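To start, the structure itself, in structure tokens.
The values are calculated or read from the model by the stated rules, or taken from the named source; none is laboratory data. Bear in mind the structure is a predicted one, so any value in this text is a computation, not a measurement. A quick note on method: Cβ atoms are made from the backbone with ideal geometry, for glycine too, and the neighbour counts reach across all protein chains shown.
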Amino acid sequence: MLVPVAPRRPPLLLSYEMNVHPARTATDLLTAIDDFVVPIRRSLAPGAPFGIVPHIGRTLVNDLAPGEHREALREALARHDLFIFSINAFPLEDFHQERVKASVYDPPWTDPERARITHAIADLVADLVPDRPSTISTLGGTYRAWGDDAPTHRAIAHHYASTVVHLAEIERRTGRTITLTVEPEPDTTFETAEDVVRLLRGHLLPHAREWVGDPLGVSRSEAEALIHRFFEVNLDVCHQSVLFRDPIVEWRALEDAGLRVGKLHATNAIAMRHPGRSPRARQELDRFDEPRYLHQFAARRRDGVLLRGADLDRLDEVDLDECDELRVHYHVPLSRARLGRLTTTRDDTARALAFAAGHDAPPHVVVETYTWPLLLADGEFAARHRALVDGLRRELRWTRRALAAR
């Protein structure tokens with residue numbers, strides 16, 4: 001939806017990530033639009049255009065090849081006065097299978113297949129989104145456990161550069177601007193702004209002429225400008241909060257290096273104060289240890305050192321007695337400041353949203369609570385459907401208020 005933030009400023013684009021809905025096929029996507037997007041739009045933006053952010057992976061982009069399914073999607077967008085302004089292309093495989101865990105990073109950016117699929121998604125966006133700049137959010141490199149050395153980083157940068165070339169060619173050919181927004185996340189190549197800047201300065205810019213300039217027939221300086229134009233960042237607030245990073249400090253560090261935050265994930269992490277002295281809160285936290293997604297954690301000792309783990313099932317390996325706070329990568333609703341005895345990092349999100357609202361070049365703002373199906377798993381189907389629509393509405397309303405409160 002369009003959110004006015006200040007006089008003489010264009011409104012911000014706000015929506016939610018549709019990876020909360022299973023969408024392996026075009027039929028799945030059209031069903032999600034009818035069952036969820038339309039009633040949410042009816043409540044929050046009646047009579048106005050409404051932006052959406054589909055999750056498109058390997059299977060769906062193939063299903064939306066030119067032909068009947070693509071035209072059905074185009075017709076549905078027109079019928080409901082919807083428009084696509086961003087795509088979630090981080091998970092490329094089934095994001096709702098029984099067990100996802102580290103497979104969410106497959107294929108990584110070390111694999112040319114990740115670039116190939118992303119290019120196909122960009123071609124689809126260029127056809128479906130003719131009149132506005134768009135973003136495609138993606139994995140930040142690879143899972144660190146699969147490789148974190150210089151050759152790995154070089155391969156990642158090379159495939160990012162090939163995507164910059166592809167996006168520049170789309171803009172030359174069609175006039176449509178699509179940017180790639182890489183998403184820092186715990187335990188991936190990019191955890192923080194510093195990691196993104198290191199790859200930019202250590203690999204992307206030094207090879208700008210070879211990897212971007214030569215394929216496009218432009219100079220080194222023009223190639224560097226194209227990297228800065230098409231290679232952006234999707235700043236996920238939950239991911240930064242888990243690592244006790246200030247999202248605004250991270251944002252400014254990216255901008256100081258010439259990197260734009262093109263997309264902002266409005267997200268909320270679980271937090272627990274004094275985890276070594278809170279047995280009842282710990283019991284409540286244990287209920288979030290589940291078999292589908294990774295839930296990385298960081299506990300901050302009183303001396304500032306972070307004790308980290310790759311998933312919640314490793315929490316017993318950490319001595320929490322000397323820690324003043326524990327944070328967990330589990331996206332929980334923005335409408336909740338507390339979860340029983342647990343708290344959340346929503347204050348970080350509110351500050352990031354206020355910063356976005358006052359920015360001269362604000363990013364796309366997208367709520368991403370893909371865990372709703374887990375949180376609602378105990379109800380019967382009709383009740384879960386109603387609860388999901390209501391929960392997403394509440395999150396979007398909270399986010400809209402936070403943007404307007406600056």
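Summary table
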| quantity | calculated |
| --- | --- |
| Helices (runs of 4 or more DSSP H) wholly inside region 214-287 containing at least 2 residues that are not assigned by TED's automatic domain parsing to the domain that holds Glu17 | 279-286 |
| Odd one out for Thr349 among (1) in a loop (DSSP other than H, G, I, E, B); (2) in contact (Cβ under 8 Å) with a residue 24 or more places away in the chain | (1) |
| Single residue of region 7-23 satisfying the filter (surrounded by 13 or more Cβ atoms within 10 Å (Cβ to Cβ) and part of a loop (DSSP other than H, G, I, E, B)) that is modelled with the lowest pLDDT | Arg9 |
| Members of region 168-199 that are assigned to a helix (DSSP H, G or I) and surrounded by fewer than 24 Cβ atoms within 10 Å (Cβ to Cβ) | Ala168, Glu169, Ile170, Glu171, Arg172, Arg173, Thr174, Glu194, Asp195, Val197, Arg198, Leu199 |
| Residue match in region 361-381 (condition: of a type in the set (Val, Ile, Thr), under 19 Å from the mean Cα position of the chain (by Cα), assigned by TED's automatic domain parsing to the domain that holds Val233 and part of a helix (DSSP H, G or I)) | no |
| Qualifying residue in region 355-368 (condition: more than 30 Å from Val38 (Cβ to Cβ) and in contact with a helix residue (DSSP H, G or I) (Cβ under 7 Å, 6 or more places away or on another chain)) | yes |
| Cβ pairs under 6 Å, 6+ apart, first in region 129-155 and part of a strand (DSSP E or B), second at pLDDT 95 or above and of a type in the set (Gly, Ala, Ser) | Thr135/Ser86; Thr135/Gly262; Ile136/Ala89; Thr138/Ala89; Tyr143/Ala102 |
| Residues of region 303-316 satisfying the condition of being over 22 Å from the mean Cα position of the chain (by Cα) and either modelled with pLDDT under 95 or in a helix (DSSP H, G or I) (or both) | Asp313, Arg314, Leu315, Asp316 |
| Boolean, Gly147 is more than 19 Å from the chain's Cα centre (by Cα), closer than 24 Å to Ala310 by Cα and assigned by TED's automatic domain parsing to the domain that holds Glu210 | yes |
| Among (1) in a loop (DSSP other than H, G, I, E, B); (2) crowded, with 21+ Cβ neighbours inside 10 Å - the single one Arg114 does not satisfy | (1) |
| Residue count for region 375-406, restricted to those that are closer than 15 Å to Val332 by Cβ, surrounded by 15 or more Cβ atoms within 10 Å (Cβ to Cβ) and among the aliphatic types (A, V, I, L, M) | 4 |
| Within region 31-61, tally of residues that are closer than 24 Å to His119 by Cβ and in contact with a Leu (Cβ under 8 Å, 6 or more places away or on another chain) | 8 |
| Residues being outside any loop (DSSP other than H, G, I, E, B) and closer than 30 Å to Leu403 by Cβ - total across region 288-302 | 3 |
| Close pairs (9 angstrom Cβ cut-off, 6 or more residues apart or separate chains): more than 14 Å from Pro247 (Cβ to Cβ) in region 189-201, β-branched (Val, Ile, Thr) and surrounded by fewer than 19 Cβ atoms within 10 Å (Cβ to Cβ) anywhere | Thr189/Thr152 |
| Top-ranked residue in region 317-337 [being of a type in the set (A, V, I, L, M, F, W, C) and touching a residue at least 60 places away in the same chain (Cβ under 8 Å); ranked as surrounded by the most Cβ atoms within 10 Å (Cβ to Cβ)] | Leu334 |
| Check on Thr163, under 26 Å from Ser103 (Cβ atoms), in contact with a Leu (Cβ under 9 Å, 6 or more places away or on another chain), in the same structural domain as Phe90 (by TED's automatic domain parsing) and buried (at least 18 other Cβ atoms within 10 Å of the Cβ) | yes |
| Test for Thr135: is it in contact with a helix residue (DSSP H, G or I) (Cβ under 8 Å, 6 or more places away or on another chain) and either closer than 29 Å to Gly51 by Cα or modelled with pLDDT under 95 (or both) | no |
